[in-house]
Amino acid sequence: MSRIVQYSRYGGPEVLEIVEVDEPHAGPGEVRVSVRAAGLNPFDSKVRQSPAMLPNRTLPSGQGAEFAGVIDEVGAGTATATATLAVGDEVLGWSNFSAQADFVIVPADQVAPKPSALSWAAAGGLGLVGNTAERSTRAVALTPGETVLVSAAAGGVGLFAAQLALADGAIVIGTASEANHDYLRGLGVIPVAYGPGLIDRLRAVAPSGIDAVIDNAGQETVEIAIELGVDPKRINSIVYFDGVAKYGISTVGGGGKKSADLARLARLVADGSIALPIAGTYPLAEVRAAYQQLDSRHFLGKIVLTLP
Ligand SMILES: NC(=O)c1ccc[n+]([C@@H]2O[C@H](COP(=O)([O-])OP(=O)(O)OC[C@H]3O[C@@H](n4cnc5c(N)ncnc54)[C@H](OP(=O)(O)O)[C@@H]3O)[C@@H](O)[C@H]2O)c1
């Protein structure tokens, strides 16, 4: 049998259940991964809370978009398609509404090798945020010496994006709660508290202006950036989609995932180029508590389910 996280009605963490199902098996072109860690993302909560997010889905639904684990089955024909994959390989990967389970089945090109120096928790939590952060950072095309504002810089996407922007040679200002300021300062980010008075604090830390914005928080950041005179073409939001019609900003988010890109992002975390702190780990059985922490919206890094 295999345990899966599942919900049969829309709602908060209370609708989540651990359900025992028959063990799934890898079909042609697929691998089965025995999951060791599976990350949580706000998207999971958003689609679970209301059918409005993805109207054509049917329930019950599994949950989870990113995982790390050990390949324990290779489907017929898969070995020839991807000669490098074998039972026993440690991998990380992505899936749709299914990663939070003892076993996940995915096409063989949805996994990448897990560097041995990468913890299971970090490997299980970087698939979605790494891809999103890289695409949103590239969307604002930073050049060395430019000043960029990254909102929600202590969150999963924001932390990743802030460090990619630093690697591009940018001066990075990050919004976060006071509790996370020392950590961000340690990375080289200039931390600023979000909320009332943000625009004045930004003027104080960036008297010569802000060149670009990587927004992971929403409307407040975008409207302040517009008021500060940032070119809308250099503002990218992964949350405030109305900003496209209203201000002409861009909204490049996650997508177009490729195994080779995931492998490269995993190496950046494994070699310490990108720090991905783990804010909490929970056993699968405590998935409701894990999402209660996620839904609190205030923590540093990633929350991950870990499996034996
Ligand atoms: N469009 C896409 O493709 C895409 C992809 C991934 C994520 N997203 C969305 O992007 C957002 C960020 O994702 P994530 O995974 O990084 O989320 P996350 O890790 O859950 O974000 C948590 C962080 O948000 C910060 N935060 C909370 N309220 C804030 C505010 N008003 N202003 C600034 N920061 C605030 C918190 O900072 P403190 O602890 O310092 O308070 C916390 O560190 C979510 O809404 C998610 O759904 C979109």
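The values are calculated or read from the model by the stated rules, or taken from the named source; none is laboratory data. All values derive from a computational prediction rather than experimental measurement. Here the Cβ is made from the backbone with ideal geometry for all residues, glycine too, and neighbour counts use every protein chain on show. Areas reflect the complete protein model, heavy atoms only, side chains present, ligands, DNA and RNA absent. Shrake-Rupley method; radii C 1.70, N 1.55, O 1.52, S 1.80 Å.
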Restricting region 154-184 to residues that are more than 9 Å from the ligand (Cβ to nearest atom) and charged (D, E, K, R), the one farthest from Gly197 (Cα to Cα) turns out to be Asp168
Could you tell me whether any residue of region 209-223 is assigned by TED's automatic domain parsing to the domain that holds Gln163 and more than 23 Å from Ala154 (Cβ to Cβ)? yes
Hits in region 200-243 (condition: in a strand (DSSP E or B) and under 22 Å from Pro42 (Cα atoms)): Val213, Ile214, Asp215, Ile235, Asn236, Ser237
Is there a residue being part of a helix (DSSP H, G or I) and more than 13 Å from the ligand (Cβ to nearest atom) anywhere in region 126-148? yes
Pick out the one residue from Tyr240, Tyr247 that is at pLDDT 95 or above and under 16 Å from Val150 (Cα atoms). Tyr240
Residues of region 257-308 being out of contact with any helix residue (DSSP H, G or I) (no Cβ under 7 Å at 6 or more places or on another chain), within 15 Å of the ligand (Cβ to nearest atom) and open to solvent by 60 Å² or more (accessible area, probe 1.4 Å), in sequence order, are Arg297, His298
Just checking, which of Val252, Val244, Val213 is within 16 Å of the ligand (Cβ to nearest atom), surrounded by fewer than 21 Cβ atoms within 10 Å (Cβ to Cβ) and touching a residue at least 40 places away in the same chain (Cβ under 8 Å)? Val252
Lone qualifier among Ser95, Ser61 - being hydroxyl-bearing (Ser, Thr, Tyr) and more than 16 Å from the ligand (Cβ to nearest atom): Ser61
